[in-house]
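Read through the structure below, which is laid out as structure tokens, and then see the notes.
The values are calculated or read from the model by the stated rules, or taken from the named source; none is laboratory data. Please read these numbers as outputs of a predicted model, since none were measured by experiment. A quick note on method: Cβ atoms are made from the backbone with ideal geometry, for glycine too, and the neighbour counts reach across all protein chains shown.
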């Protein structure tokens, strides 16, 4: 029997349990946004088709509704699963609008879900397939993906990429492999890997980075992250910008500098008297310091 790759979970805040599994499904069709008709299609083709969940084994409230012949099948959340049944990532949410008996087997059904959230890109499926058998052990496995794929990699790593070990004490130095840092998601992928090993996680934006610095994710503030190797300039977007620094990463460090000292972000405050000027590559005493001088040609 084929292992289910997707699950349909209840999405109704007025019911309990909130994420009750309604069905396990062999596959999904018309799930990804870049598989839909483009803007040049005829007007009658521009209506987004429903997501189809194939070969589903219904259970619980959904099975009861199908057996009763009801038309209100409820609102659901599609989850992408791993080979052990673990949730890799939420895919899309919407209303279950129809069903038919499935050709995949007796007692199985195909479900149609009208999404109300943005569908994931096809790049998400590539990431999910890599995580199918568990946490990848290859370093820089995220680097083969584009920006969208790296963003989804961080989403999967947030749930499945934490090391179950005590946090390292404050003041520990870490070395980032900067060869593949060409955009902001890549920076966070490299940071998570530097602190927690291959496919590790340590935030995916400033807010989640601040959460991680409070503990429970492998390290405590203050930490010092040093860029060990730089990306080749030919690989960097906008490589003709001043000082040869990639604009996405420059924006990231500028944001770190601007948020220093704000309340609610204790992990991002400076430990020095004046705080390091990250945009100029000066200073190494901050909670998170990436020396941009190492990015120069």
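At a glance:
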quantity	calculated
All positions within the range 187-210 that are closer than 17 Å to residue 143 by Cα and touching a residue at least 60 places away in the same chain (Cβ under 8 Å)	187, 198, 199
Any hit, the range 69-91, residues being outside the structural domain of residue 162 (by TED's automatic domain parsing), over 28 Å from residue 157 (Cα atoms) and assigned to a strand (DSSP E or B)	no
In the range 46-62, residue farthest from residue 117 (Cα to Cα) [restricted to those that are surrounded by 12 or more Cβ atoms within 10 Å (Cβ to Cβ) and at pLDDT below 90]	60
Residue match in the range 111-125 (condition: within 15 Å of the chain's Cα centre (by Cα), surrounded by 15 or more Cβ atoms within 10 Å (Cβ to Cβ) and free of Cβ contacts under 8 Å to residues at least 60 places away in the same chain)	yes
Within the range 5-35, considering residues that are surrounded by 20 or more Cβ atoms within 10 Å (Cβ to Cβ) and part of a loop (DSSP other than H, G, I, E, B), the one modelled with the lowest pLDDT	11
Test: residue 38 is out of contact with any helix residue (DSSP H, G or I) (no Cβ under 7 Å at 6 or more places or on another chain) and either modelled with pLDDT under 60 or surrounded by 15 or more Cβ atoms within 10 Å (Cβ to Cβ) (or both)	yes
Test for residue 95: is it assigned to a strand (DSSP E or B), without any contact (Cβ under 8 Å) to a residue 24 or more places away in the chain and surrounded by 14 or more Cβ atoms within 10 Å (Cβ to Cβ)	yes
Yes/no for residue 211 being modelled with pLDDT under 90, assigned to a helix (DSSP H, G or I) and outside the structural domain of residue 34 (by TED's automatic domain parsing)	yes
Residue match in the range 143-150 (condition: buried (at least 22 other Cβ atoms within 10 Å of the Cβ), farther than 18 Å from residue 81 by Cα and at pLDDT 95 or above)	yes
